[in-house]
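S.K.: Encoded as structure tokens, here's the structure I'll be asking about.
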Amino acid sequence: MEKMMFRDGVKFAWYDMQNLKDEYRNYTNGNMHKDLVRRFVEVQALVLAPICPHFCEHLWTKYLQQEGNVVKQLWPVPSKDEDLVMQRKYKILRDALADFRSQKDKAGGGGKKGKQAAPAEKPTHAVIYVAAAYKEWQQTVLRELQKVPLVENEDGTLQPEDKGFLKAFGQLDTIKAIPKEFGKKVMPFASFVVQTEVKARGRDALELTLPFDEASMLTEVVDVIKKQLDLQGVDIQSSDSPHEKDTTTMREAAQPAKPAIYFWAEAAKEEAKPKEGIAVSDFLGE
């Protein structure tokens, strides 16, 4: 007998879909496409119908003004193939905004290396650093990690088949040939990629480059970024050189699909006040 998973059904068909709808609204600054919103409501009514038939029937006939009973309709199917590049862009933007909000909230690391000092005022501007490619030593690490066999966990995440692979990984000739100046960074980078990035992003985390221009993608949604972060201005630039306002090493943290950000505050410009004059009533003595 099949399981009756009502709680999971409500979670996926209602809460998760509502969260996606809210993200779509935020990422378009409220300028949502009418037909897409209608299709969204139709799909949600159809997939919720087995669990919440009365609510979905009301939605189907009263608001969508569809004919027939919702419980007699066919299960919705995608009208187009999944756009993997668009999905990748969405994940990068979503994760970047979450990281940017966190960075803004805790802006200031007490002068630690790679951290920006706490601004005297609330940040008003930011620069987003984008890395077009990994550094040479990072590319070497990623190429070797691509050869590591991965297995899928019960939750769908991936992990190395051999959990102790890092010990042998560090002894590979290609890894040992990495210049000594990067030696202390190699194993922490490899461990981070496998234990954090691969677990969160799958095999995409091992890509050397992206299938699109990340800087152009962020530039297209810069108004969304400004609104989401409550900033007056945001610059997008390569991580190859620092922004004129940045005196830290924040740009070095940028990697493909993981942009870095630096915040600063600019004093508000005072508007010129009109000169005070003499009122006519004062002149006439009224």
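The values are calculated or read from the model by the stated rules, or taken from the named source; none is laboratory data. This is a predicted model, so every value here is computed, not measured. Using ideal geometry, Cβ is built from the backbone for each residue, glycine included, and neighbour counts are taken over all protein chains shown. All accessible areas refer to the heavy atoms of the entire protein, side chains included, with ligands and DNA or RNA removed. Shrake-Rupley method; radii C 1.70, N 1.55, O 1.52, S 1.80 Å.
S.K.: Taking all protein chains together and a probe of 1.4 Å, list Arg25, Arg7 from the most accessible to the least accessible.
M.R.: Arg7, Arg25
S.K.: If you average the alpha carbon positions of the stretch 176-201 and of the stretch 135-155, how far apart do those two centres end up, in angstrom?
M.R.: Each part's Cα centre sits 10 Å from the other's.
S.K.: Quick one: net charge of Val130's neighbours, Cβ under 12 Å, K/R +1, D/E -1?
M.R.: That works out to -2.
S.K.: Whenever you get a sec, line up Thr247, Thr157, Thr174 from highest to lowest accessible area (probe 1.4 Å, protein heavy atoms).
M.R.: Result of the area sort, largest leading: Thr247, Thr174, Thr157.
S.K.: State in Å² the accessible area per residue of the stretch 68-206; use a 1.4 Å probe, count heavy atoms of protein chains only, and round to the nearest integer.
M.R.: I get 65 Å² per residue for this part.
S.K.: Turning to a different aspect of this structure: Over all alpha-carbon pairs in the stretch 21-94, figure out the percentage whose distance exceeds 16 Å.
M.R.: Of all Cα-Cα distances in the stretch 21-94, 59 percent exceed 16 Å.
S.K.: Which value, in Å² rounded to 10, gives the accessible area of Ser216 with a 1.4 Å probe and all protein chains present?
M.R.: Ser216 has an accessible surface of roughly 50 Å² with all protein chains in place.
S.K.: With every protein chain in place, what's the accessible area of Asp213 (1.4 Å probe, Å², nearest 10)?
M.R.: Near enough 90 Å² of accessible area.
S.K.: Probe 1.4 Å, all protein chains in place: accessible area of Phe192 in Å², nearest 10?
M.R.: Here the accessible area works out near 80 Å².
S.K.: Taking the chain as a Gaussian network, where each spring joins two C-alpha atoms under 10 Å apart, which residue of Lys122, Lys176, Lys80 fluctuates the most?
M.R.: Highest fluctuation of the listed residues: Lys80.
S.K.: Still on this model: What FRET efficiency comes out for Thr124 versus Tyr90 if R0 is 35 angstrom and r is the Cβ-Cβ distance? Round to the nearest 0.05.
M.R.: 0.80
S.K.: Of the heavy-atom accessible surface of the chain (probe 1.4 angstrom), what whole percent is carbon and sulfur?
M.R.: Answer for the chain is 53 percent, counting heavy atoms of protein chains only.
S.K.: Here are several values of Rg/Rh (Cα atoms, Kirkwood Rh): (1) 1.12; (2) 1.05; (3) 1.02. Which one was derived from the coordinates shown?
M.R.: (1)
S.K.: Is the shape of the stretch 139-254 best called rounded, prolate or oblate, per the rule: a/c under 1.5 gives rounded, else a/b larger than b/c gives prolate, else oblate, with a ≥ b ≥ c the square roots of the Cα gyration tensor eigenvalues?
M.R.: Oblate, because a/c is 1.5 or more while a/b does not exceed b/c.
S.K.: Averaging sequence separations of C-alpha pairs under 8 Å and six or more residues apart, then dividing by the length of the chain, give the relative contact order as a whole percent.
M.R.: 24 percent.
S.K.: Another one. Report the full-extension gain for the segment Val222 to Asp16: residue separation times 0.36 nm, less the Cα-Cα distance, to one decimal in nm.
M.R.: Computed gain between Val222 and Asp16 is 71.6 nm.
S.K.: Sort Lys147, Lys21 by heavy-atom solvent-accessible area, probe 1.4 angstrom, most to least.
M.R.: Solvent-accessible surface, decreasing: Lys147, Lys21.
S.K.: Let me ask something else about it. How much of the DSSP bridge set in the chain is antiparallel, in percent, rounded to the nearest 5?
M.R.: 60
S.K.: While we're on this one: Please give, to one decimal in nm, the separation of the simple spin-label points placed at Gln139 and Lys167, each 7 Å out from Cα toward the Cβ.
M.R.: Between Gln139 and Lys167, the simple spin-label model gives 3.3 nm.
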